[in-house]
Every structure is written in C-alpha cells, then in structure tokens.
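Read the figures in this text as sums done on the coordinates, not as results from a lab. Only a predicted model underlies this, so the values are computations on that prediction, with no experimental measurement involved. Every residue, glycine among them, receives a Cβ derived from its backbone with ideal geometry; neighbour counts consider all protein chains shown.
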Amino acid sequence: MRVLILTAALITAGGPAALAQSPSAADLINSLKPTARQLTGATRGIRPAKTTPLAGTPDVQPATVRTETAPAESSGGTGSSGGGLGAANLVVEFKSGSAVLTPAAERTLSVLGHALTSSDLSGFKFRIEGHTDTVGNPDTNRSLSQQRADAVVSFLEQKFGMSADKLQAVGVGSDQLLVPTPENTPEPRNRAVKIVNLGA
C-alpha cells in the first residue's frame, strides 16, 4: 500500500503552526488510486506456457513461465490502519480538544472531497480514521478522534453528496502514531485524518 503524507496548516490553543505544503486533488487521487496490480488481485506464481506440439514430435511438457506480480492487499477491518488499496494522511485543522471543523479544515477537506468524487475514485469506499497526539488521556483521545472522523465524514456527505455507505469513520486516538513520541507530547503531525481506500 502506498501512503502519502500531506500536511495542511494546524491551529492549536498555542497558536497557528507554520503553513506546510497543501495537497492538491491530484496528489490525493494518486495516493488513493489502486495500482493495476492491486485491482487485478494478481499473485506471484508459476503457470504453464501454452504451446502447441509440432506434428510428429513426442508430447513434451512445455517449460514453465514465472510471473512476478505483487498480491493485492486486503481491505482491512474496522478500527485498523492496516490493509487498503492506497492511503493518505491529512493534518486537518481542529482547535485543541475540539472536533469542530475550522475554515482551514473545510478548505483542506474540500480538496479531499473533489478527489474522492472524481471519476478515478468515485467507485471506491473509504475508511476515514481520526488520530490524535499523546497529550491527554488515551480514552479521551480515542473519543475525540472518533468525533473528528465523524465530523470529516459528515462534511463529505453534506458538501459533496457522498453516500454514508461509501465512508466509514473510525477513531483510533493515539494508538497508531504517525510520528513516534513519548506520552504527553504535542505533535501536530499526529493529529491527522488518514484516508484508506477499502476497494469497491
């Protein structure tokens, strides 16, 4: 699975972080769109070559042809960052301890909405994972991350008409850190929303 980390501005109680590279819809499409190998589900293997024996020659088993293609990854289950056909991490702007989308968050999610509703991705389902940093209680962080994932899904449904069956909101809290840190470490890159392509 390819994972592209795309960062937008983040505001916390301490003030705005530096503006980083904003993703384009094309960036998101490229990281979420499955490869041809993933779509075909091809696996590594050996298969016999198809040949026609010449008239008058003994029937000889043909040579084998080795095909080397990577297996498609599984779509993963609820509550998991594993699996998927492609993924992207977005740092979505929330105020510290809040699940309310800021105007900057809505701008970032508008780009995501255009990508997810493009002809390249409109046939797929996606898991929207909410993540937090290690500041605070893990149970509180898990609840907050679920609220943030729900807020992202709600925005995509309302603004882009995406159906509820296409989007799965999951809060993982600080269990799967993008940047490993000690406990109670504010790290904007860990306050992310991960989008995982679950397949058709």
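A few notes on this one:
- Zone of Ser154's modelled label, taken as backbone nitrogen in region 84-100 under 16 Å from a point 7 Å along Cα→Cβ: 93-95, 97-100
- Label-point separation in nm, Ser163 to Arg107, each point 7 Å along Cα→Cβ: 3.4 nm
- Panel values: region 81-128, Kirkwood radius from alpha carbon pairs, Stokes-Einstein at 10 °C and 1.306 mPa s, translational diffusion coefficient 129 µm²/s.
- Once the Cβ-Cβ distance of His114 and Asp175 is raised to the sixth power relative to R0 = 45 Å, the FRET efficiency obtained is 0.90.
- 5 angstrom amide H check on Phe126, placed H, neighbours 5+ away: Leu167, Gln168, Leu198
- For Thr185, distant residues with modelled amide H under 5 Å away: Thr134, Val135
- Kirkwood hydrodynamic radius (C-alpha pairs) into Stokes-Einstein, region 129-200, 20 °C and 1.002 mPa s, D in µm²/s: 170 µm²/s
- D (Stokes-Einstein, µm²/s), Kirkwood Cα radius, region 71-200, 1.306 mPa s at 10 °C: 108 µm²/s
- Paramagnetic label reach from Asp139 (point 7 Å along Cα→Cβ; backbone nitrogen cut-off under 19 Å): within region 146-172, residues 146-148, 171-172.
- 3J(HN,Hα) couplings calculated from phi for region 97-104 with the Karplus curve 6.51 cos²θ - 1.76 cosθ + 1.60 (θ = phi - 60°) are, in sequence order, x, 10, 10, 7, 5, 8, x, 5 Hz; Gly and Pro show x.
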